[in-house]
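The values are calculated or read from the model by the stated rules, or taken from the named source; none is laboratory data. Small disclaimer: the values here were computed from a predicted structure and weren't measured. Cβ coordinates were reconstructed from backbone atoms using ideal geometry, including for glycine residues, and neighbour counts include every protein chain displayed. Quick note on the areas: whole protein, heavy atoms, side chains included, nothing else; ligands and nucleic acids left out. Shrake-Rupley method; radii C 1.70, N 1.55, O 1.52, S 1.80 Å.
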Amino acid sequence: MAHARISGNFPPDIDPTKAPLAFGRRALPKLNEELCSPELLTQQQALMTLCDLVHDPENVYQVIEVGFLDNLKTLLLHHDSTVRQKTTQILYIMAMHNVGRQGLIQNGVISAITDLLDDPVDICRKNIHQIFEIMAKLPEGAVGILHAGLIPLLVFKLKTESDEIQELILDTLSNCLHVEASEALATSAITVLKEKLTHSSAAIRSKAACVLSEISTHPEGKSVVCEEIIPVLVSLLEDTDPEVQASATGALMFATVKPAGRFSALGAEAIPPLLKLVAEETSKARLSAIKTLTMLAELPEGRKTLLDHTDTFQQCLNDPCEAVKRAAKIAISVIKWKPF
């Protein structure tokens, strides 16, 4: 099924001519001055020239040194949509370079672009969410997003944004919640993510499950997931998309670390679909499925059921993946365990 994509093309009435830049980087201070010009066309041309320059990481370093970021932060609130579009695009390109990411963090760009979360232009919002997604991959970037108080806003935007932007938001949340999940738990994150688990887009279902995996790595997150999410995750074990299966199994694995999660998974009849994933040699969820079943085998009811399926785990002992073989060996020992 075709999905609408956000276009970065400019309106046909905008002159794309770049501002002339003589002597290369030596003209950067002049270009920086042109960003502050009262003439809209001059600003647009300067931005288009700068957009070409920042593809080179050496130029990104020079741009930061000259002090462009202060002017770019000001232009984020410009009345002209083309200026905002080019400004966010420049910051996005800079974020793709390590020197650019560090510069954006040190110059407070994360907080500055927060004002564009409600921008009426789709491509501007897409650009800032691409910046967040890249920055969140760095520990200090994720911390910056958390400190800016963005988690509740990002969760709220999952309800209103296009599928394309929702995917970016979910990736950002996944990396941020790996660092700290309490802020998400204090919002309606679990409710919103539960809805996304049944979204028509496989990518969104998968990414939502990944976010729940990160929430489940935190003690307080496990309890909430156990209470509200496990039955939905179990249903996704039979999803038609392998990525969704893998993400759901990973989330279930973390949730079943707690006894309450194991009881909930057994009640949702998780064992049959998990065994099916273990039996499929090409399944991306195989390792997580084995580990989840191992935890379910720690309950008498789970062990009793799995005793009839040890052959499924025996087949995994010949798997080319050492991690799968090791996990299968542990699973068999737990299933066959008997009290003295």
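Tabulated values for the structure
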{"quantity": "Segment 59-112, subset touching a residue at least 12 places away in the same chain (Cβ under 8 Å) and acidic (D, E), residue farthest from I123 (Cα to Cα)", "calculated": "D70"}
{"quantity": "Segment 128-137 - residue that is open to solvent by 10 Å² or more (accessible area, probe 1.4 Å) and either among the polar types (S, T, N, Q) or not in a helix (DSSP H, G or I) (or both) and, of those, nearest to L154 (Cα to Cα)", "calculated": "Q130"}
{"quantity": "Subset of segment 163-187 [open to solvent by 50 Å² or more (accessible area, probe 1.4 Å), part of a loop (DSSP other than H, G, I, E, B) and farther than 25 Å from Q102 by Cα]", "calculated": "A186"}
{"quantity": "Failed criterion for L277 (all others in (1) over 19 Å from V211 (Cβ atoms); (2) out of contact with any Lys or Arg (no Cβ under 9 Å at 6 or more places or on another chain) hold)", "calculated": "(2)"}
{"quantity": "Scope segment 109-127; condition open to solvent by 30 Å² or more (accessible area, probe 1.4 Å), charged (D, E, K, R) and either within 21 Å of L185 (Cα to Cα) or in a loop (DSSP other than H, G, I, E, B) (or both); matching residues", "calculated": "none"}
{"quantity": "Which listed residue is β-branched (V, I, T) and open to solvent by 70 Å² or more (accessible area, probe 1.4 Å), from T249, T240, T256, T217", "calculated": "T240"}
{"quantity": "Positions within segment 167-191 being in contact with a Leu (Cβ under 6 Å, 6 or more places away or on another chain), among the aliphatic types (A, V, I, L, M) and modelled with pLDDT under 95, in sequence order", "calculated": "A184"}
{"quantity": "Count - residues of segment 38-79 that are among the small types (G, A, S) and either under 19 Å from N98 (Cα atoms) or open to solvent by 20 Å² or more (accessible area, probe 1.4 Å) (or both)", "calculated": "1"}
{"quantity": "Cross-chain or 6+ apart pairs with Cβ under 8 Å, segment 300-311 first and in contact (Cβ under 8 Å) with a residue 40 or more places away in the chain, then surrounded by 11 or more Cβ atoms within 10 Å (Cβ to Cβ)", "calculated": "G302/R262; G302/L266; G302/I271; G302/L293; G302/L296"}
